[in-house]
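Enquirer: Input: one structure, supplied below.
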Amino acid sequence: MNSRAPIGHLLKAGALFIALLLFVSASSAAAPPEVNYRFYCAQCHGLTGSGDGPNATRHQPVAPRNFTSASEMSILTDAEIILAIGRGGGAVAKSTLMPPFASTLGAEEIIELKDYLRRLCRCSGPETPR
């Protein structure tokens, strides 16, 4: 009786399982920015980005930013928006109620989310960093 055969089959099955997990996670890792926005941002910033999500109450110390306001958004550099998304509101001297998403979203997803916010405001940021 060969006692190594079951172990060999288990190792092969385990390796196949890991390869399958890596394939699935790599193929479905990045969601479109609209989906990420609805899932991570809309609770406070609202589905349309106007800062009126269901978690936005008058009892909060700071109102969520209105992403549809070109006057508000055009003063922000792309780097500031990326920093706020990645490291949270506290990283840009805003509300610490906004959590950091760098551990949740990949760098490319954060950049795409920044681009999505620019589409909501129909504006761009300053040419040079402040």
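Enquirer: Just give me the residues in the range 104-130 being under 15 Å from A31 (Cα atoms) and not in a helix (DSSP H, G or I), in sequence order.
Expert: T104, L105, G106, listed by residue number.
Enquirer: Which members of the range 105-130 meet the condition of being modelled with pLDDT under 95 and of a type outside the set (S, T, N, Q)?
Expert: Correct list: G125, P126, E127, P129, R130.
Enquirer: Could you count how many residues in the range 112-129 are without any contact (Cβ under 8 Å) to a residue 40 or more places away in the chain and surrounded by 17 or more Cβ atoms within 10 Å (Cβ to Cβ)?
Expert: The total comes to 1.
Enquirer: Among the residues of the range 84-111, write down those that are surrounded by 18 or more Cβ atoms within 10 Å (Cβ to Cβ), of a type outside the set (F, W, Y) and in contact with a helix residue (DSSP H, G or I) (Cβ under 9 Å, 6 or more places away or on another chain).
Expert: Answer for the range 84-111, where residues must be surrounded by 18 or more Cβ atoms within 10 Å (Cβ to Cβ), of a type outside the set (F, W, Y) and in contact with a helix residue (DSSP H, G or I) (Cβ under 9 Å, 6 or more places away or on another chain): A84, I85, G86, M98, L105, E109, I110.
Enquirer: So which residues in the range 31-59 are surrounded by 14 or more Cβ atoms within 10 Å (Cβ to Cβ), hydroxyl-bearing (S, T, Y) and touching a residue at least 40 places away in the same chain (Cβ under 8 Å)?
Expert: Y37, Y40, listed by residue number.
The values are calculated or read from the model by the stated rules, or taken from the named source; none is laboratory data. Worth saying up front: this structure is predicted, and the values here are computed from it rather than measured. When we count neighbours, we look across all protein chains shown, and the Cβ atoms used for this are built from the backbone with ideal geometry, even at glycine.
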